[in-house]
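Report on the structure given below.
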Amino acid sequence: MGASALILAAGEGTRMRSRLPKVAHEILGVPMVRYVVDAARASGCDPVVVVTGHGAETVERLLEDVQTVRQEQQLGTGHAVQCAQEAFAEADGSLVVLSGDSPLITSETIRALVGARESARAAAAVLTAVLADPTGYGRIVRDEAGRLARIVEEKDASDEERAIREVNTGFYCFDARVLFEHVHLLDNANAQGEFYLTDVIDVLRREQLPVVAIAASDSAEVLGINNRAQLAEAAKVMQRRINRAHLLAGVTMRDPELVWIGPRVTIGRDVTLEPMTFLMGDTSIGEGSVIGPDSRITDSVVGENAVVDSSIVEGSCVCDGVRIGPRAYLRPGTVVRPNAKVGTSVEVKNSLIGEGSKVPHLSYIGDAEIGAGVNVGAGTITCNYDGRSKHRTVIEDGAFVGSDTMLVAPVRIGAGAVTGAGSTITRDVPADALAVERSEQRVIEGWSKRRREQDDEE
Ligand code: UD1
Ligand code: CA
(Lines give C-alpha, C1' and ligand atoms only; values in the text may rest on other atoms or scores of the structure.)
(Ligands and ions follow the chains in the order given, each with its own letter.)
Protein backbone atom coordinates (compact mmCIF):
# COMPACT_ATOMS: atom_id res chain seq x y z
CA MET A 1 0.00 0.00 0.00
CA GLY A 2 2.93 2.32 0.64
CA ALA A 3 1.19 4.35 3.34
CA SER A 4 2.72 5.30 6.66
CA ALA A 5 0.85 5.79 9.93
CA LEU A 6 1.01 8.15 12.87
CA ILE A 7 -0.82 7.29 16.08
CA LEU A 8 -1.54 10.09 18.55
CA ALA A 9 -1.11 8.84 22.10
CA ALA A 10 0.37 11.71 24.10
CA GLY A 11 -2.76 12.98 25.82
CA GLU A 12 -3.34 12.57 29.54
CA GLY A 13 -6.90 11.41 29.40
CA THR A 14 -8.09 13.49 32.35
CA ARG A 15 -11.57 12.02 32.13
CA MET A 16 -10.21 8.53 32.94
CA ARG A 17 -9.36 9.81 36.45
CA SER A 18 -6.32 7.58 36.60
CA ARG A 19 -2.61 7.56 37.35
CA LEU A 20 -2.13 5.44 34.26
CA PRO A 21 -1.95 7.27 30.91
CA LYS A 22 -5.18 6.70 29.03
CA VAL A 23 -3.77 4.69 26.12
CA ALA A 24 -2.12 2.25 28.59
CA HIS A 25 -5.50 1.15 29.95
CA GLU A 26 -6.19 -2.43 28.95
CA ILE A 27 -8.88 -4.14 26.96
CA LEU A 28 -8.83 -7.94 27.35
CA GLY A 29 -5.37 -7.76 28.87
CA VAL A 30 -3.83 -5.64 26.09
CA PRO A 31 -3.17 -1.87 26.28
CA MET A 32 -5.56 0.00 24.01
CA VAL A 33 -2.83 1.70 21.96
CA ARG A 34 -1.51 -1.74 20.98
CA TYR A 35 -4.77 -2.52 19.13
CA VAL A 36 -4.30 0.61 17.04
CA VAL A 37 -0.66 -0.27 16.26
CA ASP A 38 -1.71 -3.81 15.26
CA ALA A 39 -4.52 -2.55 13.01
CA ALA A 40 -2.17 -0.07 11.32
CA ARG A 41 0.45 -2.76 10.72
CA ALA A 42 -2.14 -5.27 9.51
CA SER A 43 -3.38 -2.71 6.98
CA GLY A 44 0.15 -2.58 5.52
CA CYS A 45 1.23 0.82 6.91
CA ASP A 46 5.00 1.18 7.27
CA PRO A 47 6.42 2.85 9.22
CA VAL A 48 3.98 3.07 12.13
CA VAL A 49 5.02 5.84 14.52
CA VAL A 50 3.41 6.63 17.89
CA VAL A 51 3.47 10.09 19.50
CA THR A 52 3.95 9.77 23.27
CA GLY A 53 3.94 12.48 25.91
CA HIS A 54 1.91 12.13 29.06
CA GLY A 55 3.34 9.11 30.92
CA ALA A 56 5.70 8.57 27.98
CA GLU A 57 7.97 6.09 29.82
CA THR A 58 4.99 3.92 30.70
CA VAL A 59 3.59 4.00 27.18
CA GLU A 60 6.96 3.43 25.50
CA ARG A 61 7.57 0.38 27.69
CA LEU A 62 4.38 -1.10 26.22
CA LEU A 63 5.61 -0.35 22.69
CA GLU A 64 9.19 -1.59 22.71
CA ASP A 65 8.95 -2.76 19.11
CA VAL A 66 7.42 0.48 17.83
CA GLN A 67 9.03 3.77 16.75
CA THR A 68 7.95 6.61 19.03
CA VAL A 69 8.41 10.38 19.07
CA ARG A 70 7.90 12.65 22.07
CA GLN A 71 5.47 15.52 22.37
CA GLU A 72 6.85 17.05 25.56
CA GLN A 73 3.93 19.41 26.13
CA GLN A 74 0.47 18.33 25.06
CA LEU A 75 -0.70 21.37 23.16
CA GLY A 76 -3.28 19.57 21.05
CA THR A 77 -3.66 17.00 18.28
CA GLY A 78 -2.32 19.40 15.63
CA HIS A 79 0.75 20.07 17.75
CA ALA A 80 1.25 16.31 18.18
CA VAL A 81 1.44 15.95 14.40
CA GLN A 82 3.93 18.86 14.21
CA CYS A 83 6.16 17.01 16.69
CA ALA A 84 6.28 13.96 14.40
CA GLN A 85 7.31 15.79 11.25
CA GLU A 86 10.92 14.63 11.28
CA ALA A 87 9.96 10.98 11.50
CA PHE A 88 8.20 11.38 8.14
CA ALA A 89 10.84 13.51 6.38
CA GLU A 90 11.08 10.85 3.67
CA ALA A 91 7.36 10.17 3.41
CA ASP A 92 5.45 11.07 0.30
CA GLY A 93 2.13 9.49 -0.40
CA SER A 94 -0.48 8.58 2.17
CA LEU A 95 -0.06 9.24 5.87
CA VAL A 96 -2.77 7.76 8.05
CA VAL A 97 -3.36 9.57 11.34
CA LEU A 98 -5.07 7.50 14.04
CA SER A 99 -6.04 8.06 17.67
CA GLY A 100 -4.41 5.86 20.27
CA ASP A 101 -7.64 6.06 22.27
CA SER A 102 -9.80 4.47 19.56
CA PRO A 103 -8.87 0.78 19.69
CA LEU A 104 -11.75 -0.74 17.73
CA ILE A 105 -10.54 0.42 14.33
CA THR A 106 -9.89 -2.39 11.84
CA SER A 107 -7.26 -2.77 9.15
CA GLU A 108 -10.03 -2.97 6.51
CA THR A 109 -11.29 0.49 7.46
CA ILE A 110 -7.76 1.94 7.40
CA ARG A 111 -7.29 0.51 3.91
CA ALA A 112 -10.63 1.95 2.79
CA LEU A 113 -9.63 5.37 4.09
CA VAL A 114 -6.33 5.28 2.19
CA GLY A 115 -8.14 4.04 -0.92
CA ALA A 116 -10.68 6.87 -0.67
CA ARG A 117 -8.00 9.57 -0.53
CA GLU A 118 -5.87 8.08 -3.26
CA SER A 119 -8.70 7.45 -5.70
CA ALA A 120 -10.04 11.00 -5.18
CA ARG A 121 -6.49 12.41 -5.38
CA ALA A 122 -7.46 14.42 -2.34
CA ALA A 123 -5.18 16.20 0.12
CA ALA A 124 -7.09 14.58 2.96
CA ALA A 125 -9.79 12.00 3.62
CA VAL A 126 -11.65 12.09 6.94
CA LEU A 127 -13.49 9.08 8.35
CA THR A 128 -16.86 10.16 9.72
CA ALA A 129 -19.72 8.41 11.46
CA VAL A 130 -23.32 9.27 12.18
CA LEU A 131 -24.01 8.62 15.85
CA ALA A 132 -27.27 8.56 17.77
CA ASP A 133 -25.43 10.39 20.54
CA PRO A 134 -22.62 12.56 19.16
CA THR A 135 -21.69 14.04 22.55
CA GLY A 136 -17.98 14.69 22.97
CA TYR A 137 -17.01 14.37 19.31
CA GLY A 138 -16.07 17.02 16.79
CA ARG A 139 -18.93 17.68 14.35
CA ILE A 140 -18.70 17.51 10.56
CA VAL A 141 -19.83 20.77 8.96
CA ARG A 142 -20.73 20.49 5.29
CA ASP A 143 -21.19 23.30 2.74
CA GLU A 144 -24.30 23.93 0.62
CA ALA A 145 -23.05 21.41 -1.91
CA GLY A 146 -22.78 18.79 0.84
CA ARG A 147 -19.00 18.76 0.79
CA LEU A 148 -16.87 18.61 3.91
CA ALA A 149 -16.19 22.22 4.90
CA ARG A 150 -14.66 22.00 8.36
CA ILE A 151 -14.73 20.18 11.67
CA VAL A 152 -15.92 22.00 14.76
CA GLU A 153 -15.09 20.74 18.25
CA GLU A 154 -18.03 20.36 20.60
CA LYS A 155 -16.70 23.03 22.96
CA ASP A 156 -16.46 25.53 20.09
CA ALA A 157 -19.73 24.58 18.38
CA SER A 158 -22.85 26.70 18.12
CA ASP A 159 -26.14 25.14 19.24
CA GLU A 160 -26.96 24.52 15.62
CA GLU A 161 -23.64 22.78 14.99
CA ARG A 162 -23.97 20.75 18.16
CA ALA A 163 -27.18 19.26 16.75
CA ILE A 164 -25.21 17.69 13.88
CA ARG A 165 -24.96 13.94 14.36
CA GLU A 166 -22.21 13.32 11.85
CA VAL A 167 -18.92 13.28 13.78
CA ASN A 168 -15.21 13.25 13.19
CA THR A 169 -13.89 9.82 14.17
CA GLY A 170 -10.32 11.05 14.61
CA PHE A 171 -9.09 8.84 11.73
CA TYR A 172 -7.65 10.56 8.68
CA CYS A 173 -5.56 9.90 5.64
CA PHE A 174 -3.45 12.82 4.40
CA ASP A 175 -1.10 13.46 1.58
CA ALA A 176 1.97 13.46 3.84
CA ARG A 177 3.73 16.36 2.13
CA VAL A 178 0.66 18.54 2.00
CA LEU A 179 -0.07 17.84 5.68
CA PHE A 180 3.39 18.88 6.86
CA GLU A 181 3.33 21.97 4.64
CA HIS A 182 0.16 23.16 6.35
CA VAL A 183 0.17 21.81 9.89
CA HIS A 184 2.34 24.73 11.07
CA LEU A 185 -0.32 27.20 10.03
CA LEU A 186 -2.70 26.21 12.84
CA ASP A 187 -3.50 28.56 15.69
CA ASN A 188 -4.92 27.87 19.13
CA ALA A 189 -7.62 30.51 19.24
CA ASN A 190 -10.35 28.15 20.48
CA ALA A 191 -12.18 27.12 23.62
CA GLN A 192 -9.43 24.73 24.75
CA GLY A 193 -6.45 26.88 23.69
CA GLU A 194 -5.10 23.88 21.73
CA PHE A 195 -3.70 23.40 18.25
CA TYR A 196 -6.42 21.24 16.72
CA LEU A 197 -5.51 18.84 13.92
CA THR A 198 -9.13 19.16 12.84
CA ASP A 199 -8.48 22.77 11.78
CA VAL A 200 -6.18 21.52 9.03
CA ILE A 201 -9.28 20.63 7.05
CA ASP A 202 -10.39 24.26 7.01
CA VAL A 203 -6.83 25.36 6.07
CA LEU A 204 -6.72 22.95 3.14
CA ARG A 205 -10.19 23.94 1.93
CA ARG A 206 -9.23 27.63 1.93
CA GLU A 207 -6.33 26.74 -0.36
CA GLN A 208 -8.76 24.99 -2.69
CA LEU A 209 -7.16 21.63 -1.97
CA PRO A 210 -9.62 18.76 -2.27
CA VAL A 211 -10.71 17.02 0.94
CA VAL A 212 -13.18 14.15 1.18
CA ALA A 213 -15.20 12.55 3.93
CA ILE A 214 -16.01 8.87 3.96
CA ALA A 215 -18.50 7.20 6.25
CA ALA A 216 -17.44 4.37 8.54
CA SER A 217 -19.22 1.13 7.64
CA ASP A 218 -19.58 0.21 11.31
CA SER A 219 -19.95 2.98 13.84
CA ALA A 220 -18.77 0.64 16.63
CA GLU A 221 -15.27 0.82 15.14
CA VAL A 222 -14.88 4.50 15.82
CA LEU A 223 -15.63 4.59 19.54
CA GLY A 224 -13.14 6.96 21.15
CA ILE A 225 -12.38 6.22 24.78
CA ASN A 226 -12.36 9.23 27.08
CA ASN A 227 -13.73 7.69 30.30
CA ARG A 228 -14.09 4.30 31.93
CA ALA A 229 -17.68 3.84 30.85
CA GLN A 230 -16.47 4.01 27.25
CA LEU A 231 -13.58 1.69 28.15
CA ALA A 232 -16.09 -0.92 29.35
CA GLU A 233 -18.19 -0.38 26.24
CA ALA A 234 -15.17 -0.88 23.96
CA ALA A 235 -14.16 -4.02 25.85
CA LYS A 236 -17.65 -5.41 25.26
CA VAL A 237 -17.45 -4.73 21.54
CA MET A 238 -13.98 -6.33 21.36
CA GLN A 239 -15.16 -9.33 23.40
CA ARG A 240 -18.05 -9.94 21.00
CA ARG A 241 -15.85 -9.49 17.94
CA ILE A 242 -13.23 -11.96 19.19
CA ASN A 243 -15.77 -14.50 20.49
CA ARG A 244 -17.72 -14.44 17.25
CA ALA A 245 -14.56 -15.30 15.30
CA HIS A 246 -13.88 -18.26 17.60
CA LEU A 247 -17.50 -19.44 17.50
CA LEU A 248 -17.43 -19.45 13.71
CA ALA A 249 -14.11 -21.32 13.81
CA GLY A 250 -15.60 -24.23 15.77
CA VAL A 251 -15.42 -23.31 19.46
CA THR A 252 -18.48 -23.96 21.67
CA MET A 253 -19.50 -21.36 24.25
CA ARG A 254 -22.59 -21.93 26.30
CA ASP A 255 -22.82 -18.20 27.00
CA PRO A 256 -20.40 -16.09 24.96
CA GLU A 257 -21.20 -12.99 27.01
CA LEU A 258 -19.50 -14.68 29.95
CA VAL A 259 -16.32 -15.71 28.16
CA TRP A 260 -13.40 -13.27 27.77
CA ILE A 261 -10.62 -14.06 25.30
CA GLY A 262 -7.58 -11.90 24.62
CA PRO A 263 -6.64 -11.00 21.03
CA ARG A 264 -3.51 -13.20 20.90
CA VAL A 265 -5.18 -16.41 22.13
CA THR A 266 -5.49 -19.36 19.73
CA ILE A 267 -8.11 -22.09 20.20
CA GLY A 268 -8.50 -25.43 18.40
CA ARG A 269 -11.71 -26.90 17.08
CA ASP A 270 -14.30 -28.54 19.32
CA VAL A 271 -13.04 -26.76 22.39
CA THR A 272 -15.78 -25.95 24.92
CA LEU A 273 -15.51 -22.78 26.97
CA GLU A 274 -17.85 -22.68 29.93
CA PRO A 275 -19.09 -19.45 31.55
CA MET A 276 -16.68 -17.20 33.46
CA THR A 277 -13.66 -18.38 31.54
CA PHE A 278 -10.86 -15.88 30.90
CA LEU A 279 -8.17 -16.77 28.36
CA MET A 280 -5.50 -14.09 28.28
CA GLY A 281 -2.03 -13.24 26.99
CA ASP A 282 -0.17 -15.70 24.77
CA THR A 283 -2.36 -18.70 25.44
CA SER A 284 -3.30 -21.58 23.19
CA ILE A 285 -5.89 -24.31 23.75
CA GLY A 286 -5.74 -27.59 21.82
CA GLU A 287 -8.62 -29.37 20.12
CA GLY A 288 -11.36 -30.96 22.17
CA SER A 289 -10.40 -29.44 25.52
CA VAL A 290 -13.01 -28.22 27.99
CA ILE A 291 -12.19 -25.07 29.94
CA GLY A 292 -14.25 -23.68 32.80
CA PRO A 293 -16.56 -22.82 34.31
CA ASP A 294 -14.76 -20.25 36.46
CA SER A 295 -11.28 -20.56 35.02
CA ARG A 296 -8.50 -18.13 34.19
CA ILE A 297 -5.65 -19.15 31.90
CA THR A 298 -2.85 -16.68 31.12
CA ASP A 299 0.29 -17.10 28.99
CA SER A 300 -0.10 -20.88 28.93
CA VAL A 301 -0.33 -23.79 26.56
CA VAL A 302 -3.11 -26.34 27.00
CA GLY A 303 -2.97 -29.47 24.82
CA GLU A 304 -5.76 -31.51 23.29
CA ASN A 305 -8.63 -33.12 25.19
CA ALA A 306 -7.58 -31.57 28.47
CA VAL A 307 -9.97 -30.39 31.18
CA VAL A 308 -9.43 -27.26 33.27
CA ASP A 309 -12.27 -26.91 35.76
CA SER A 310 -12.62 -23.88 38.08
CA SER A 311 -8.89 -23.27 38.13
CA ILE A 312 -6.17 -20.71 37.56
CA VAL A 313 -3.31 -21.50 35.18
CA GLU A 314 -0.46 -19.01 34.68
CA GLY A 315 2.69 -19.40 32.61
CA SER A 316 2.28 -23.16 32.49
CA CYS A 317 2.03 -26.02 30.05
CA VAL A 318 -0.82 -28.50 30.41
CA CYS A 319 -0.39 -31.44 28.02
CA ASP A 320 -2.89 -33.64 26.20
CA GLY A 321 -5.48 -35.47 28.27
CA VAL A 322 -4.58 -33.74 31.53
CA ARG A 323 -7.25 -32.95 34.14
CA ILE A 324 -6.85 -29.80 36.24
CA GLY A 325 -9.12 -28.83 39.14
CA PRO A 326 -11.54 -28.10 40.52
CA ARG A 327 -9.90 -25.14 42.21
CA ALA A 328 -6.30 -25.88 41.31
CA TYR A 329 -3.71 -23.12 40.99
CA LEU A 330 -0.88 -23.66 38.50
CA ARG A 331 1.77 -20.99 38.86
CA PRO A 332 4.50 -20.12 36.35
CA GLY A 333 7.01 -22.76 35.32
CA THR A 334 4.66 -25.70 35.74
CA VAL A 335 4.54 -28.49 33.18
CA VAL A 336 1.92 -31.21 33.50
CA ARG A 337 2.75 -34.11 31.18
CA PRO A 338 0.10 -36.07 29.24
CA ASN A 339 -2.76 -37.73 31.12
CA ALA A 340 -1.62 -36.51 34.51
CA LYS A 341 -4.03 -35.05 37.07
CA VAL A 342 -3.77 -32.04 39.34
CA GLY A 343 -6.90 -32.16 41.44
CA THR A 344 -8.94 -30.33 44.03
CA SER A 345 -7.31 -27.36 45.75
CA VAL A 346 -3.78 -28.24 44.65
CA GLU A 347 -1.18 -25.50 44.13
CA VAL A 348 1.78 -26.20 41.86
CA LYS A 349 4.70 -23.86 41.17
CA ASN A 350 7.74 -24.29 38.93
CA SER A 351 7.37 -28.05 38.83
CA LEU A 352 7.13 -30.94 36.45
CA ILE A 353 4.36 -33.49 36.93
CA GLY A 354 5.20 -36.62 34.94
CA GLU A 355 3.05 -38.55 32.53
CA GLY A 356 0.02 -40.19 34.11
CA SER A 357 0.96 -39.01 37.61
CA LYS A 358 -1.69 -37.85 40.05
CA VAL A 359 -1.74 -35.12 42.68
CA PRO A 360 -5.45 -35.39 43.38
CA HIS A 361 -6.18 -33.45 46.59
CA LEU A 362 -5.08 -30.52 48.77
CA SER A 363 -1.34 -30.41 48.06
CA TYR A 364 1.41 -27.87 47.53
CA ILE A 365 4.04 -28.88 44.99
CA GLY A 366 6.83 -26.32 44.49
CA ASP A 367 10.22 -26.62 42.77
CA ALA A 368 9.65 -30.34 42.28
CA GLU A 369 10.25 -32.87 39.57
CA ILE A 370 7.78 -35.72 39.67
CA GLY A 371 8.33 -38.69 37.37
CA ALA A 372 5.77 -40.79 35.53
CA GLY A 373 3.08 -42.89 37.22
CA VAL A 374 3.54 -41.30 40.63
CA ASN A 375 0.71 -40.99 43.13
CA VAL A 376 0.94 -38.12 45.58
CA GLY A 377 -1.45 -38.63 48.50
CA ALA A 378 -3.85 -36.02 49.80
CA GLY A 379 -2.38 -33.16 51.78
CA THR A 380 1.23 -33.76 50.72
CA ILE A 381 3.48 -30.70 50.82
CA THR A 382 6.91 -30.04 49.38
CA CYS A 383 8.60 -27.92 52.04
CA ASN A 384 10.70 -26.11 49.44
CA TYR A 385 11.58 -22.98 51.39
CA ASP A 386 13.72 -22.96 54.51
CA GLY A 387 13.25 -19.26 55.13
CA ARG A 388 16.38 -18.40 53.16
CA SER A 389 16.34 -20.25 49.87
CA LYS A 390 14.30 -22.62 47.75
CA HIS A 391 15.23 -26.29 47.34
CA ARG A 392 14.19 -29.02 44.94
CA THR A 393 12.22 -32.19 45.53
CA VAL A 394 12.60 -35.13 43.16
CA ILE A 395 10.08 -37.98 43.11
CA GLU A 396 11.08 -40.71 40.68
CA ASP A 397 8.85 -42.87 38.47
CA GLY A 398 6.24 -45.07 40.10
CA ALA A 399 6.74 -43.78 43.64
CA PHE A 400 3.78 -43.70 46.06
CA VAL A 401 3.76 -40.76 48.44
CA GLY A 402 1.45 -41.40 51.37
CA SER A 403 -1.15 -38.84 52.38
CA ASP A 404 0.05 -35.89 54.42
CA THR A 405 3.73 -36.47 53.68
CA MET A 406 5.98 -33.48 54.37
CA LEU A 407 8.86 -33.58 51.89
CA VAL A 408 11.58 -31.37 53.37
CA ALA A 409 13.67 -30.29 50.38
CA PRO A 410 16.24 -30.93 49.11
CA VAL A 411 15.06 -34.53 49.09
CA ARG A 412 14.66 -37.41 46.65
CA ILE A 413 12.17 -40.27 46.64
CA GLY A 414 13.56 -43.15 44.57
CA ALA A 415 11.68 -44.98 41.85
CA GLY A 416 8.95 -47.27 43.16
CA ALA A 417 9.51 -46.17 46.78
CA VAL A 418 6.68 -45.62 49.27
CA THR A 419 6.32 -43.10 52.10
CA GLY A 420 4.01 -43.76 55.03
CA ALA A 421 1.08 -41.44 55.55
CA GLY A 422 1.86 -38.54 57.87
CA SER A 423 5.65 -38.87 57.55
CA THR A 424 8.03 -35.95 57.54
CA ILE A 425 10.72 -37.00 55.08
CA THR A 426 14.04 -35.22 55.54
CA ARG A 427 16.45 -37.75 53.99
CA ASP A 428 16.54 -39.35 50.55
CA VAL A 429 14.54 -42.58 50.19
CA PRO A 430 16.18 -45.28 48.03
CA ALA A 431 14.32 -46.89 45.14
CA ASP A 432 11.70 -49.46 46.16
CA ALA A 433 12.11 -48.69 49.91
CA LEU A 434 9.45 -47.74 52.46
CA ALA A 435 10.12 -44.64 54.55
CA VAL A 436 7.92 -44.12 57.61
CA GLU A 437 8.51 -41.38 60.14
CA ARG A 438 6.02 -41.35 62.98
CA SER A 439 5.78 -42.59 66.57
CA GLU A 440 4.32 -46.02 67.29
CA GLN A 441 0.58 -46.04 67.75
CA ARG A 442 -0.62 -46.93 71.30
CA VAL A 443 -3.92 -48.76 71.78
CA ILE A 444 -5.49 -48.67 75.26
CA GLU A 445 -8.22 -51.28 75.45
CA GLY A 446 -11.57 -50.19 76.92
CA TRP A 447 -10.50 -46.57 77.49
CA SER A 448 -13.42 -44.98 75.71
CA LYS A 449 -15.99 -47.23 77.39
CA ARG A 450 -14.60 -46.41 80.84
CA ARG A 451 -14.88 -42.68 80.14
CA ARG A 452 -18.53 -43.03 79.14
CA GLU A 453 -19.28 -44.91 82.33
CA GLN A 454 -17.58 -42.16 84.39
CA ASP A 455 -19.70 -39.51 82.66
CA ASP A 456 -22.89 -41.42 83.52
CA GLU A 457 -21.97 -41.55 87.24
CA GLU A 458 -21.58 -37.78 87.48
C1 UD1 B 1 -10.57 14.35 18.98
C2 UD1 B 1 -10.94 15.26 17.80
C3 UD1 B 1 -12.45 15.22 17.61
C4 UD1 B 1 -12.88 13.78 17.35
C5 UD1 B 1 -12.39 12.84 18.47
C6 UD1 B 1 -12.63 11.40 18.07
C7 UD1 B 1 -9.32 17.11 17.80
C8 UD1 B 1 -9.09 18.54 18.12
N9 UD1 B 1 -10.52 16.60 18.09
O10 UD1 B 1 -11.20 14.88 20.13
O11 UD1 B 1 -12.82 16.02 16.50
O12 UD1 B 1 -14.30 13.70 17.27
O13 UD1 B 1 -10.98 13.01 18.69
O14 UD1 B 1 -12.31 10.53 19.10
O15 UD1 B 1 -8.43 16.46 17.26
N16 UD1 B 1 -3.34 13.68 21.81
C17 UD1 B 1 -1.97 13.89 21.68
N18 UD1 B 1 -1.46 15.10 21.99
C19 UD1 B 1 -2.24 16.14 22.41
C20 UD1 B 1 -3.62 15.92 22.54
C21 UD1 B 1 -4.15 14.69 22.22
O22 UD1 B 1 -1.23 12.99 21.31
O23 UD1 B 1 -1.68 17.23 22.68
C24 UD1 B 1 -3.88 12.35 21.48
C25 UD1 B 1 -4.60 11.70 22.66
O26 UD1 B 1 -3.72 10.89 23.40
C27 UD1 B 1 -5.68 10.89 21.98
C28 UD1 B 1 -5.92 11.62 20.66
O29 UD1 B 1 -4.84 12.49 20.48
O30 UD1 B 1 -5.25 9.58 21.69
C31 UD1 B 1 -7.23 12.42 20.72
O32 UD1 B 1 -7.14 13.37 21.78
P33 UD1 B 1 -8.36 13.69 22.72
O34 UD1 B 1 -7.94 14.71 23.68
O35 UD1 B 1 -8.97 12.46 23.25
O36 UD1 B 1 -9.33 14.36 21.65
P37 UD1 B 1 -10.91 14.43 21.66
O38 UD1 B 1 -11.35 15.50 22.55
O39 UD1 B 1 -11.47 13.08 21.89
CA1 CA C 1 -10.64 11.16 22.39
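The values are calculated or read from the model by the stated rules, or taken from the named source; none is laboratory data. Keep in mind the model is a prediction, meaning the values are calculated, not measured. Positions of Cβ are generated from backbone atoms using ideal geometry, with glycine treated the same way; all protein chains shown enter the neighbour counts. These area figures cover heavy atoms from the full protein model, side chains too; ligands, DNA and RNA do not enter into them. Shrake-Rupley method; radii C 1.70, N 1.55, O 1.52, S 1.80 Å.
Go over the candidates 274, 314 one by one and state the one that is modelled with pLDDT of 95 or more and closer than 21 Å to residue 256 by Cβ.
Being modelled with pLDDT of 95 or more and closer than 21 Å to residue 256 by Cβ holds for just one of 274, 314, which is 274.
Listed by first and then second residue, the pairs linking a residue in the range 93-104 that is open to solvent by 10 Å² or more (accessible area, probe 1.4 Å) to a residue that is small (Gly, Ala, Ser) and more than 9 Å from ligand 1 (Cβ to nearest atom), with Cβ atoms under 7 Å apart and 6 or more places separating them unless they lie on different chains, are 93/2; 93/3; 93/176. Quick check: anything in the range 439-452 open to solvent by less than 50 Å² (accessible area, probe 1.4 Å) and within 22 Å of residue 355 (Cβ to Cβ)? No - not one qualifying residue is present in the range 439-452. Of the residues screened, residue 19 is one that is more than 14 Å from ligand 1 (Cβ to nearest atom) and farther than 30 Å from residue 120 by Cα.
Checking the condition open to solvent by 40 Å² or more (accessible area, probe 1.4 Å), of a type in the set (A, V, I, L, M) and more than 13 Å from ligand 1 (Cβ to nearest atom), which residue from 191, 132, 176, 220 passes? Break it down into steps so the answer makes sense when it comes.
Values: 191 fails: more than 13 Å from ligand 1 (Cβ to nearest atom); 176 fails: open to solvent by 40 Å² or more (accessible area, probe 1.4 Å); 220 fails: open to solvent by 40 Å² or more (accessible area, probe 1.4 Å).
132 is the lone residue from the list that is open to solvent by 40 Å² or more (accessible area, probe 1.4 Å), of a type in the set (A, V, I, L, M) and more than 13 Å from ligand 1 (Cβ to nearest atom).
Selection of the range 326-344 for residues being open to solvent by less than 10 Å² (accessible area, probe 1.4 Å), under 25 Å from the mean Cα position of the chain (by Cα) and of a type outside the set (S, T, N, Q) yields 328, 330, 336. Restricting the first member to the range 323-341 and to residues that are at positive phi, and the second to residues that are of a type in the set (Gly, Ala, Ser), the beta-carbon pairs closer than 6 Å and six or more apart or on different chains are 325/310; 325/311; 327/310; 327/345; 339/321; 339/356. In the range 345-362, which residues are open to solvent by less than 10 Å² (accessible area, probe 1.4 Å) and either closer than 19 Å to residue 412 by Cβ or modelled with pLDDT under 95 (or both)? Result: 348, 351, 353, 354, 357, 359.
Go through the range 223-260 and count every residue that is among the aliphatic types (A, V, I, L, M), within 16 Å of ligand 1 (Cβ to nearest atom) and farther than 21 Å from residue 107 by Cα.
Looking only at that region, the number is 1.
In this structure, is residue 299 out of contact with any strand residue (DSSP E or B) (no Cβ under 7 Å at 6 or more places or on another chain), within 23 Å of residue 267 (Cβ to Cβ) and of a type in the set (D, E, K, R)? Answer is no for this residue.
Look through 141, 152 and report the one residue that is farther than 18 Å from residue 39 by Cβ, open to solvent by less than 40 Å² (accessible area, probe 1.4 Å), touching a helix residue (DSSP H, G or I) at 6+ places or on another chain (Cβ under 6 Å) and within 15 Å of ligand 1 (Cβ to nearest atom). Walk me through how you get there before you give the answer.
Details: 141 fails: touching a helix residue (DSSP H, G or I) at 6+ places or on another chain (Cβ under 6 Å).
When all the criteria are applied, what remains is 152.
Close contacts from the range 44-63, counting a first residue that is under 15 Å from residue 80 (Cα atoms) and a second that is of a type in the set (Phe, Trp, Tyr), with Cβ to Cβ under 9 Å and a gap of 6+ residues or different chains, come to 49/88. Listed by position, the helices (runs of 4 or more DSSP H) inside the range 1-86 whose residues that are open to solvent by less than 30 Å² (accessible area, probe 1.4 Å) number at least 3 are 32-42, 77-83. Annotation for the range 257-277: no member residue is open to solvent by less than 40 Å² (accessible area, probe 1.4 Å), of a type outside the set (Lys, Arg) and within 16 Å of ligand 2 (Cβ to nearest atom). If I filter the range 409-428 for residues that are under 19 Å from residue 348 (Cβ atoms), in contact (Cβ under 8 Å) with a residue 40 or more places away in the chain and not small (Gly, Ala, Ser), do I get at least one hit? No, because not a single residue in the range 409-428 is under 19 Å from residue 348 (Cβ atoms), in contact (Cβ under 8 Å) with a residue 40 or more places away in the chain and not small (Gly, Ala, Ser).
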